[in-house]
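Here is the structure we will look at, set down as structure tokens.
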There are 2 protein chains.
Amino acid sequence: MSATATATLSATASPEAVIERLARAGRAAQRELARLPDATKAAALRAAAAALRAAEPEILAANAQDIAAGEANGLTGAMLDRLRLDPARLAGIADAVEQVAGLPDPVGQVIDATHRPNGLDLRRVRVPVGLIGIVYESRPNVTADAAALCLRSGNAVLLRGGSEAVHSNRAIHAALARGIAAAGAPAEAVQLVPTQDRAAVGAMLAAAGLIDMIVPRGGKSLVARVQADARVPVLAHLDGICHTYLHAAADPAMAKSIALNAKMRRTGICGAMETLLIDAAFPGAVEVVKALLDSGCELRGDARARALDPRVAAASVDDWDTEYLDAILSVAIVDGLDEALAHIAAHSSAHTDAIVTGDAAAAERFLNEVDSAIVMVNASTQFADGGEFGLGAEIGIATGRLHARGPVALEGLTTYKWQVRGTGQVRP
Amino acid sequence: MSATATATLSATASPEAVIERLARAGRAAQRELARLPDATKAAALRAAAAALRAAEPEILAANAQDIAAGEANGLTGAMLDRLRLDPARLAGIADAVEQVAGLPDPVGQVIDATHRPNGLDLRRVRVPVGLIGIVYESRPNVTADAAALCLRSGNAVLLRGGSEAVHSNRAIHAALARGIAAAGAPAEAVQLVPTQDRAAVGAMLAAAGLIDMIVPRGGKSLVARVQADARVPVLAHLDGICHTYLHAAADPAMAKSIALNAKMRRTGICGAMETLLIDAAFPGAVEVVKALLDSGCELRGDARARALDPRVAAASVDDWDTEYLDAILSVAIVDGLDEALAHIAAHSSAHTDAIVTGDAAAAERFLNEVDSAIVMVNASTQFADGGEFGLGAEIGIATGRLHARGPVALEGLTTYKWQVRGTGQVRP
């Protein structure tokens, strides 16, 4: 077949065929990656970081194209801000890749080992999941962050970014691939889906057996689509409807400080508090409500919460199930721990929920009975983050129940195999 | 509403409505179960075992009904054997429930703990998955086995057995529920789907958010349907195409003993060897092939395998991807470890694969590079079993990559939550 014929074929290939070809190449690269020593994988990430720094002119020029197109297409200021790169942001992206290179390799870790009476030696050993698909929106840093975490844990990755960031993503991906190849690792371990055809996302979601796991990174509509359509396992969270419960035995000053931080430090992150539950017996309620209002937060409360301060608006029934991602907070007064637990069981999105209390028994009941990925005592829900948890970085936060929960980092990108060493044993 | 009206409603409820009602009741029971002390869960299983023993007359009478119906409907001898209970088999079922009661409770185990520089104390603690759905065929023992494993690990379970075993399953379930309730645990933690309408299985598979995990137990067509249709995560294996590779440095006597055991001990289990790979440099090939043929195994080989013994038939291209579950074995001669690894990568179902060798470096390469749930050196693949692995029992063997791989027992029926204990920390 001539080169022209190949090019024509490829240009007319269906999204399914494109994804299948990329996935097979990615799986082959992953098998090669699995045989490389840890030092080579770390070196590949350091080389990728260096290549990102060296490619600053190309990457910023590509980003300028995306910004210009975004402005022409009427993207909002917030979207343009997520899309925009500058020398400091690009240096931050390269630094983050280098930091991931320095994290310990989870592959090969022995989870547990047993010696059977018949002499068989059994070990569960961490291995990469395989090929990870990342579906994301306008943040070009995801291209580098996700690639670094996948490669560090021995996985290949198939990246599908948003069309707004297409030039930035291509430039970042090209730099990463140059660095990886220069270190002697397979460049196809990190691939970017070349087509912006939306059907390519559908093909990724349907690629059971070819892609081992999908991680969506972006807004709620993206995550909802991925969760609804995927035949491949998905690691994600849809909502972060996080609660803080100020128990009767909460220290008033601590309660105020935690409530303010949980809501107002950054209102747009998934770990931000969205509902405040105040025990009717908590003595500092008026102070906490006043401090939140004074900090510029809109409060929507039930009848008893409204009685605390005339500025509290009336909550509608939907408020208890709303993730505002803004300086808005729903506030309910509850009569005791059981009522707080029942409210959380009914309305939490199983992301992060916290209690503030000086009562150890109440704290333990809350930790045990609230069925969320992260449960906290006397701390701000804004700590719900892989970096804050000491994981080095995170590919995302998962609120599903299987495989990995809460912040997902390198370990969540691995699975395990059983290694059995015998000396000729046969089963009786 | 009158009792008659309720009964009418219930009789005309859609399979989806029936499953939703059962799932909600199961989830409520699971929350209650989660608050019970370990001793109560263990006592509930011991009481369930006692209730099974006490109900022997009813259970055997119900089973006789199923056997009579099965004979009238022309079930095969093998199917009737799987269905049939007698006093010894029923005693074995009760004993198995009692054994699960004695296994350590995984719930509450601390997977790891870290102390952050800011003083936050982080622990990952095992918690139940939630509500497990079991879809199975004609073996009534699954009703008790699966219920015991789920309850021991703090999960509620929704059981959907085959219509051939409907009376047996109802009688076993009734005894279990009596025992569980007598011990003060919620009987609705173990529920049997009351309708044999096949649409109820579809409703279970679609019940994402209501059922947390589905475990199919049965033949390949059942597992294939569950894997194809489920929107709920599935833990299962479709095939057990297990390989044994006799390396050039294998001890001939050990190789013969392992090959015979891996194939012929029991040919119908998923850990039975289905393909034998013999290194062209292995000196004992003729002996191994002769021993397998003499033991009554049909061999289907490539050209070089056929040259070892005139009784070896010609393998077709399909033989390398066939799980016989019978006294039939495909045999290929390979030139070295790399060719063996390539054959396994192309044809293994990722269940269990083994090498026989005296060469430690070859063994390690095999253990590291074969990407199956279980990899073995110098042992029979028939050891692929939760009991043999020291897990006490198993709910099944999984060949998927996420959550749990290989034999799945109590730990595989748990997930974890992050518990964060602070002293007033807020995020800077």
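Coordinate-derived values only; no laboratory data. The structure presented is a predicted model; accordingly, all values stated were derived computationally and were not measured. In this analysis, Cβ positions are derived from the backbone assuming ideal geometry, glycine residues included, and neighbour counts consider all displayed protein chains.
The table below lists the values:
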| item | result |
| --- | --- |
| Built amide H within the under 5 Å cut-off of A:T415, gap 5+ | A:V127, A:V129 |
| Among B:S14, B:S138, B:S168, residue whose mean-square fluctuation peaks in a GNM of chain B (springs only between Cα atoms under 10 Å) | B:S14 |
| Amide H contacts under 5 Å for A:I214, placed H, 5+ residues apart | A:G133, A:V234, A:L235 |
| Between 0 and 90°, nearest 10: helix B:252-264 axis offset from chain B longest Cα axis | 40 |
| Other protein chain Cβ atoms within 10 Å, averaged over every residue that makes up A:368-380 | 6 |
| Test item: B:125-133 mean partner chain Cβ contacts at 10 Å | 2 |
| Net +/- balance of residues flanking B:Q196 in space, Cβ distance below 14 Å, scoring K and R +1, D and E -1 | -1 |
| Region A:248-349, relative contact order [Cα under 8 Å, separation at least 6], % | 33 |
| Amide H within-cut-off set for B:A250, under 5 Å, with H built and near neighbours excluded | B:G358 |
| Region A:258-338: C-alpha gyration tensor shape, a/c 1.5 cut-off, then a/b vs b/c | rounded |
| Part-to-part distance (alpha-carbon centres) for region A:292-330 and region B:247-319, which is given in Å | 73 |
| Net +/- balance of residues flanking B:A250 in space, Cβ distance below 12 Å, scoring K and R +1, D and E -1 | -3 |
| Copy-to-copy label separations for A:P37, where each label sits 7 Å from Cα toward Cβ, in nm and ascending | 5.5 |
| Dipole axis of region B:211-353 (+1 Lys, Arg; -1 Asp, Glu on Cβ), positive-most option in B:G296, B:W320, B:C242 | B:G296 |
| Region A:406-428-region A:92-138 distance, computed between alpha-carbon centres (Å) | 11 |
| Computed E for A:R116/A:R21 - FRET, C-beta separation, R0 45 angstrom, nearest 0.05 | 0.50 |
| Quotient of C-alpha Rg and 2.2 N^0.38 Å, computed over chain A | 1.11 |
| Point-charge dipole on Cβ atoms (K/R +1, D/E -1) for the protein assembly as shown, about Cα centre, debye to 20 | 220 |
| Nm distances between copies for A:D95, ranked from closest, using label points 7 Å along Cα→Cβ | 6.5 |
| Counting DSSP beta bridges with both ends in the protein assembly as shown, the antiparallel % (nearest 5) | 25 |
| Nm distances between copies for A:G74, ranked from closest, using label points 7 Å along Cα→Cβ | 6.8 |
| Where only alpha carbons of the protein assembly as shown are counted, the Rg and the Dmax (Å) | 29.0, 96 |
| Value of [θ]222 nm, deg cm²/dmol, for chain B, DSSP H segments ≥ 4, -39500 (n - 2.57) each, nearest 500 | -13000 deg cm²/dmol |
| Residue-by-residue Karplus 3J(HN,Hα) for region B:230-244, coefficients 6.51, -1.76, 1.60, Hz, glycine and proline x | 6, 9, 8, x, 10, 10, 5, 10, 8, 10, x, 8, 9, 10, 10 |
| Positive-end residue of A:T357, A:A91, A:A17, charge dipole of chain A with Cβ unit charges | A:A17 |
| Summed residue charge, Cβ within 9 Å of B:R124's Cβ, Lys/Arg positive, Asp/Glu negative | +3 |
| Considering only region B:77-171, percent of DSSP beta bridges that pair antiparallel, nearest 5 | 50 |
| In degrees, nearest ten, helix B:166-182 long axis to first principal axis of chain B (Cα) | 60 |
| Calculated FRET value between A:A345 and B:E298, using beta carbons and R₀ = 45 Å, to 0.05 | 0.15 |
| Cβ nearest the rotation axis (B onto A), residue from chain B and distance to the nearest whole Å | B:H403, 2 |
| For chain A, built as a Gaussian network whose Cα springs stay under 10 Å, the top-fluctuating residue of A:P57, A:P310, A:P128 | A:P310 |
| Within chain A, percent of DSSP bridges classed antiparallel, to nearest 5 | 30 |
| For region A:46-58, Karplus couplings with θ = phi - 60° (6.51, -1.76, 1.60), whole Hz, Gly/Pro x | 5, 5, 5, 4, 5, 5, 4, 5, 5, 8, 3, x, 5 |
| Gaussian network model of chain A, springs between alpha carbon atoms under 10 Å - residue of A:Q191, A:Q109, A:Q30 with greatest fluctuation | A:Q109 |
